[in-house]
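Derivation of every value follows stated rules applied to the coordinates shown; laboratory data play no part. Note that this is a predicted model, so its numbers are computed, not measured. Every residue, glycine among them, receives a Cβ derived from its backbone with ideal geometry; neighbour counts consider all protein chains shown.
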Amino acid sequence: MSYAVDYERALEIGRPPNITTLFPHSRALLVSGKVIDRALSAKGKAMTIAANGRNHLVIRGVLRAAQRARAAVIVEIARSEGGANAYCATNYWNMARQVDAVCNELNIRVPVAIHADHYGIKTVDDVPFARVEIPSLFDAGITSIAIDASHMPDDDNLLASIELARFIPTWAGHETEVGEIKGKLGLSTKDEALFIIQGLNAHNIFPDWIALNNGTTHGIEASAQGIQVELTAAIHEALAGYGISGAQHGTSGNNSDRLRAIAAKTMTTKANVATALQMISWGVEVNDFGNAVLDDQGEFIKVPGQGVSEDVWQEMKAYAEKQGWSGGNYKKLNIAFENRIMGQPAAIRERMVRRVEDFVYTILVEVFNAGNTASCGVQAILDAGSYDLGPKSGRIETPEEWTEEKIREKAACLDGNNGPEGDFDD
């Protein structure tokens with residue numbers, strides 16, 4: 001059959017219940033994160049972009065690139081970016097509506113997951129609030145979530161992850177994390193990764209992805225060492241029996257060759273790209289690493305005739321200076337300037353979208369090997385006959401060996417290095 005015919009059938013059966021309730025007449029194929037993971041796994045040696053939609057024009061550019069590359073993709077926002085204390089106008093509760101509207105407006109016909117990234121749990125006191133808030137995200141159209149309790153010790157991470165899994169629909173994409181993302185500091189170990197995946201497995205919880213601290217950082221600064229491909233491959237190999245894929249965080253700061261290697265040599269299917277897309281949309285010069293290029297005074301370099309208008313850029317710089325923001329803290333300009341940016345002339349908004357589109361298209365096709373994975377995602381839905389693709393593995397571990405008491409005993413024997421305290425949210 002043709003892709004168009006298969007797409008129609010997938011549209012009928014592949015949209016999760018929250019999506020069909022919110023958008024009953026939509027022709028956008030918003031799907032579980034499981035669909036995206038299976039699509040990239042089916043192609044093999046491929047991962048797709050999980051694009052942080054920090055502004056509306058980034059979302060438009062990413063979706064245009066996905067259609068052009070015929071790629072299954074993820075649009076996401078992290079809790080720090082789009083949670084209750086957001087610094088972006090895009091948030092957990094409006095992102096699905098934005099994506100659905102753009103898909104219908106632009107006739108986007110590829111599978112797209114809506115991911116709540118880095119739903120951060122920093123202390124056990126955060127868990128009661130999360131029990132209330134997480135269901136509201138799915139009410140708003142989220143189709144995939146990352147429960148990130150990696151800020152806590154391994155036993156508390158696992159116990160919080162077990163508790164909060166009860167509030168994630170079984171059909172939804174599910175990401176877990178071990179080792180807070182902070183570059184060369186506190187690299188994840190194989191034993192830590194096995195600990196969390198085995199403990200979840202014993203409780204009938206089967207995540208689709210695991211995120212590691214494998215040597216990257218968040219934000220605009222290059223890591224001291226970048227992605228550790230061999231470490232990542234070794235951990236993924238150790239987890240192979242549990243049917244879990246990798247989620248690569250902190251892609252900014254890593255050149256294309258290293259990203260190609262993570263796609264080709266590991267089980268990674270999801271790669272987060274955040275700060276680079278923000279900077280590209282604004283018209284800031286970036287290098288092959290996706291990092292902003294700075295001038296001799298340590299200032300961002302605005303490319304003439306690209307991104308926001310020169311007047312808006314000067315306003316943004318002046319506002320940041322007044323607030324005492326520099327470097328990575330420019331991210332806080334997102335919520336303050338969303339409406340100012342959207343109020344620019346159509347030609348300027350278009351060049352912002354096009355710059356994101358071209359960058360993302362190149363990543364999808366030439367770096368991540370994600371081109372033509374839309375059909376793999378549609379096929380995964382058709383093969384399952386449902387929006388619910390089910391887990392990739394069953395229970396292997398014995399529940400009696402993973403009680404709270406035994407979890408704490410096992411964690412005490414782990415030889416992990418969480419590194420220093422710090423602000424590593426995004």
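In table form, for the structure just shown:
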{"item": "GLN323 paired with ILE13, simple spin-label distance in nm, labels 7 Å along Cα-to-beta-carbon", "result": "4.8 nm"}
{"item": "Ranked packing of 254-267, 355-368, 317-330, most packed first, by mean Cβ within 10 Å", "result": "355-368, 254-267, 317-330"}
{"item": "Over 31 Å between alpha carbons, listed pairs LYS34/LYS190; LYS265/LYS392; LYS122/LYS332; LYS265/LYS406; LYS34/LYS317", "result": "LYS265/LYS406; LYS34/LYS317"}
{"item": "Amide N of the stretch 224-252 lying under 20 Å from the label point, which is placed 7 angstrom from the Cα of LYS190 along Cα→Cβ", "result": "227-247"}
{"item": "Length added when fully stretched, ILE396-ASP296, from 0.36 nm per residue minus Cα-Cα", "result": "30.4 nm"}
{"item": "Label-point gap, in nm, between THR403 and LYS332 - each point 7 angstrom along Cα→Cβ", "result": "4.8 nm"}
{"item": "Of all DSSP beta bridges in the chain, antiparallel share, percent nearest 5", "result": "10 percent"}
{"item": "Sequence of HIS174, HIS236 once ranked by neighbouring C-beta atoms within 10 Å, starting from the fewest", "result": "HIS236, HIS174"}
{"item": "Distance between the stretch 122-197 and the stretch 241-271 - C-alpha centres, whole angstrom", "result": "19 Å"}
{"item": "Residues THR21 and ARG97, FRET efficiency given R0 of 22 Å [Cβ-Cβ distance, rounded to 0.05]", "result": "0.95"}
{"item": "Over the stretch 90-212, relative contact order from alpha-carbon pairs under 8 Å, at least 6 apart, %", "result": "23 percent"}
{"item": "Length released on extending from ASP139 to VAL303, taking residue separation times 0.36 nm less the Cα-Cα span", "result": "55.0 nm"}
